[in-house]
Amino acid sequence: MATEVKVPAAGESITSANVATWHKKDGESVAKGDVLVTLETDKVSNELAADVAGVLKIMVEEGEEVAIGTVIAEIDESAAGSAEPEPGPEPQTESASEPAIEEQAPAESAPAPATGEGKTIDVKVPAAGESITTANVAAWRRKDGDSVSKGEALVTLETDKVSTELEAEESGRLEIVVPEGEEVSIGTVIARITVGAGSSKPAPESAPAVPAKESSKQAAPATPEKEKAPAPKPESAAAEAKPDFKIVDAPAERPDTTPVAEGRVTRRKMSMLRRKIATHLVNAQQTAAILTTFNEADMSSVMKLRKSVQEDFIAKHGVKLGFMSFFVKAVVQALKDVPQVNGMIDGNEIIENHFYDVGVAIGTEKGLVVPVLRDCDQKSFAEIEQDIIDYAGKARDGKIQLEDLQGGVFTISNGGTYGSLLSTPILNPPQSGILGMHTIQQRPVAVDGKVEIRPMMYLALSYDHRLVDGKEAVTFLIRIKDCIENPTRLMLEM
């Protein structure tokens, strides 16, 4: 008798669900009440438990989107309590009714010690947010077969938003299941740790490899060779029949992660972050009416002020007074004076923001990230500079978190760091404005009827013309120009 596992109703407006993560394997015995699967809809995530005990048969794989009421698995109740088949093809007569256990001595068959040694812990890809369903195994910090300690960093995982490091929950021997460069679903087992086990490097006197049939009859050596798995547990016999990820040490055998030379070109796989950036930028241009207006600012006053107070500023606050804090404060003032720019379109509605969280674009080796400086209207110049330094360090070390990137109302991008003279920045949806800073260049300008050489910076404001009119955009940019050219008034919020 088989009991169907169906996708339950989750609300009148929800017609489908995504099979996010199976917590049990196909062919595995389950007990009543065991969590079987995590289902995700466009609103919520929920876990489905087994109504009966039996053997699970999975019918819909992870990542599939199915309609409400779809049968995604069956539980064979008639198989409940029945013994799993022996992994060895020819079990010994005297232990036919016993599960396969490695014999340490011919005189006795002692059970595994009662301590935690010998148990296996799965290393799974953790959840990283409602909108994140996959992660990329970017870099293993330890090798397959290495001994690892509890709390030691094992692997760096990359999603389309952030990078995180996964640590060992227990000490033991690491068995890597998924190699670097693979993209896997949230909840996927990417490695296992055998608790209490040492390194799996074979001893010089190890016996030569023997065929699988014969080896199943022999007592297992203390340390198996790398390419052979340890004796499988009874419940994993069905899983052993399925092909698993191949663990390969040689980079030449990893075409998916290593750049491949093809004549006059080299082909390599796009990182998740780069794919997300590409999709994000294309969507921004397709969903907003982006227009850019330009102006220029005389940086003389800001540069003179910085030079005069820099030593005292560092002595008091421990950070340098940079240009970015002036522009962040200028943006806050402009947002207050032209509130239309501090808004965004949501469907047929306009959202007016009454806070001033400003994103600052930071370039890294892996791509551009935009961490958000919170409540910039309430922070001092020193606090803003310290926040920028902290975010730059986190971005460099791959420690940026998802919450660091969320909730901004406006973005500043400083292409001048790389020498850009002029550009048209792309919006960071759903925001309605982005300011582009550029390199400071000595140029001749007219001052009181005379030609003078001044340090000038071109400024570019890209905005969503659906919400912001040209007059408002120009007024906003001129307000920033005035604040930068009169930094004393800016500090007094005038």
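The values are calculated or read from the model by the stated rules, or taken from the named source; none is laboratory data. Keep in mind that this is a model prediction, so the values were computed, not measured. Glycine also receives a Cβ, built like all others from the backbone with ideal geometry; neighbour counts cover every protein chain displayed.
Worth a mention:
- Extreme residue, surrounded by the most Cβ atoms within 10 Å (Cβ to Cβ), among residues of the range 273-295 that are in a helix (DSSP H, G or I) and of a type in the set (Ser, Thr, Tyr): THR287
- Residue within the range 408-423 that is without any contact (Cβ under 8 Å) to a residue 40 or more places away in the chain, surrounded by 20 or more Cβ atoms within 10 Å (Cβ to Cβ), in the same structural domain as VAL358 (by TED's automatic domain parsing) and under 37 Å from the mean Cα position of the chain (by Cα) present: no
Yes or no, residue by residue, for (1) within 34 Å of the chain's Cα centre (by Cα); (2) modelled with pLDDT of 95 or more; (3) closer than 18 Å to CYS483 by Cβ; (4) acidic (Asp, Glu):
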residue	(1), (2), (3), (4)
GLN285	yes, no, no, no
ALA288	yes, no, no, no
LEU291	yes, yes, no, no
MET299	no, yes, yes, no
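- Residues that are not β-branched (Val, Ile, Thr) number at least 3 in the following strands (runs of 3 or more DSSP E) confined to the range 309-397: 343-346.
- Complete set of residues in the range 460-489 that are in contact with a Phe, Trp or Tyr (Cβ under 7 Å, 6 or more places away or on another chain) and of a type in the set (A, V, I, L, M, F, W, C): ALA460, LEU461, ALA473, ILE484
- Just one of (1) touching a strand residue (DSSP E or B) at 6+ places or on another chain (Cβ under 8 Å); (2) exposed (fewer than 15 other Cβ atoms within 10 Å of the Cβ) fails for GLN378. It is (1).
- Among the residues listed as SER45, SER131, the single one being within 20 Å of the chain's Cα centre (by Cα), surrounded by 14 or more Cβ atoms within 10 Å (Cβ to Cβ) and at pLDDT below 90: SER45
- Of all residues in the range 477-489, those satisfying the criterion of being within 38 Å of the chain's Cα centre (by Cα) and hydrophobic (A, V, I, L, M, F, W, C) are LEU477, ILE480, CYS483, ILE484.
- Against the criterion of being at pLDDT below 95, surrounded by fewer than 20 Cβ atoms within 10 Å (Cβ to Cβ) and in contact with a helix residue (DSSP H, G or I) (Cβ under 6 Å, 6 or more places away or on another chain), LYS366 qualifies.
- Look at the range 161-179: where a residue is touching a residue at least 24 places away in the same chain (Cβ under 8 Å) and a partner is in a strand (DSSP E or B) and of a type in the set (Lys, Arg), sitting 6+ places away or on another chain with Cβ atoms under 7 Å, you get GLU175/ARG192; VAL177/ARG192.
- Scanning the range 147-160 for residues that are surrounded by fewer than 19 Cβ atoms within 10 Å (Cβ to Cβ) and either free of Cβ contacts under 8 Å to residues at least 40 places away in the same chain or in a loop (DSSP other than H, G, I, E, B) (or both) gives SER149, LYS150, GLY151, GLU152, ALA153.
- Members of the range 302-336 that are of a type in the set (Ser, Thr, Tyr) and surrounded by 16 or more Cβ atoms within 10 Å (Cβ to Cβ): SER325
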